[in-house]
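So the structure is just underneath, and the comments pick up after that.
Each value in this text was obtained by applying a stated rule to the coordinates, not by laboratory testing. Being a predicted model, the structure only gives us computed values, none of them experimental. Here the Cβ is made from the backbone with ideal geometry for all residues, glycine too, and neighbour counts use every protein chain on show.
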Amino acid sequence: MLNQNLKTLRNAKGLSQEELAIRLNVVRQTISKWEKGLSVPDADLLIRIAEIFEVPVGELLGANIESQSEQEINIVAEQLSRINEQLAIKNRRARRIWKTILIIFGSFILLNILLIVFGFAAFQTESKEGVTEVIINEKIQE
């Protein structure tokens, strides 16, 4: 449904796959995959596509329920399910990336704190040794 509707609406607007791809900030091959039914756009892109073609998202997905058979309704439901699955994968990936960034950033901060503490401790030890040497040298000279 989506693949046929997308191609029909794109042709009706007089847009090439390349022009639609530019408007959506995707590559032309992505549009081709959508039109062949090999993949489906995520929810955000579906909304943008519907806005470009000036149709509701439901119509883009072929959701004219009154005139559709049960099989066509199941196809639409399957497409929505795939879209939701892709969106969930995208969200998990984004959370994983942010978690990794936070761990790296936290490790960097912890490392810097440890370096500061050890540097301060080494400076204190060096200072104490220097004071001890001065006292010993003064006593030797007396």
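Which order, highest average first, do 100-106, 82-88, 12-18, 45-51 follow once you tally other Cβ atoms within 10 Å for each residue and take the mean per peptide?
Working: 100-106: 10.0, 82-88: 14.0, 12-18: 12.3, 45-51: 16.7.
Final packing ranking: 45-51, 82-88, 12-18, 100-106.
Summarising the label geometry, the points placed 7 Å from Cα in the beta-carbon direction at S39 and V117 lie 4.7 nm from one another. Using the Karplus relation 6.51 cos²θ - 1.76 cosθ + 1.60 with θ = phi - 60°, the per-residue 3J(HN,Hα) values for the stretch 93-102 come to 5, 5, 5, 5, 5, 5, 4, 4, 4, 5 Hz, with x marking Gly and Pro. Sequentially through the stretch 42-56, phi angles give Karplus couplings (6.51, -1.76, 1.60; θ = phi - 60°) of 6, 4, 4, 5, 4, 5, 5, 5, 4, 5, 4, 8, 6, 9, x Hz, Gly and Pro residues having no value and appearing as x.
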